[in-house]
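A short write-up of the structure that comes next.
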Amino acid sequence: MNIQGIHHVAYRCINAKQTVEFYQQLLDMDFQLAIAENKVPSTGQPDPYMHVFLDAGNGNVLAFFEVPHSPEMQPDPNTPSWVQHIAFKVADMDALLDAKARVEAAGISVIGPIDHTLFKSIYFFDPNGHRLELAVNTSTAEMLDKLHTVAPAMLDEWDRTKRAPQHAAWLHDGTLQ
């Protein structure tokens, strides 16, 4: 199999028009196209929907479905709100801080910047309750190589213990070894 990339990632939205406007106005995403059907093509089920597609940069597409005849959207009650999120890369720290100011000026609460050693990021929610992250990379090739090297051992240890392995403790204590 030759996977060439992600074609698009789709999420549900409460209101397609409001969602498109949010991503256009706050994140400068271009509204690419809309598809609307009265039946689901893959199942034939009668369930009208609006499917909108936004350009998230560099060939990445973010899509949303508005499905008005389905039960009301709600977060997964068994998953912490910080787990499921969409993370977008920004060019540099100035862009991250500018984005934070822009989002806050729109009256939206922002967490961060948070320093994750490999990147710094801010967090906020879209009108549908999806958590968004904007991140700027701060890692070095050495850091990424070290993490790549220990990744299998970390995963194996996690699988056995369900406790955080210490192979990359330097991410949190600042002692790159």
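The numbers here are math on the coordinates, done by the rules we state, and not lab data. Quick caveat, the model's predicted, so the values are computed rather than measured. For neighbour counting, all protein chains shown are included, and Cβ atoms are generated from backbone atoms with ideal geometry for every residue, glycine included.
Starting with the highest mean, order 111-120, 60-69 by the number of other Cβ atoms within 10 Å, averaged over the residues of each peptide.
Averaged packing, sorted descending, gives the order 60-69, 111-120.
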**Asked** Hey, if you put +1 on the Cβ of every Lys and Arg and -1 on every Asp and Glu Cβ in the chain, which of Gln4, Pro48, Leu134 ends up farthest toward the positive end of that dipole?
**Response** Pro48
**Message:** About the Cα centre, and with charges only on the beta carbon of Lys, Arg (+1) and Asp, Glu (-1), how big is the dipole of the range 84-177? Nearest 20 debye, please.
**Reply:** 240 debye
**Prompt:** Given charges of +1 on the Cβ of Lys and Arg and -1 on the Cβ of Asp and Glu, with all other atoms neutral, how large is the dipole of the chain about its Cα centre, in debye to the nearest 20?
**Reply:** 300 debye
**Complete:** One finds the C-alpha centres of the range 1-39 and the range 85-133 to be spaced, in Å, by 19 Å
**Asked** Under 5 Å between amide H atoms, partner at least 5 residues away or on a different chain: which partners does Lys89 have, H built in plane at 1.01 Å?
**Response** Ala135
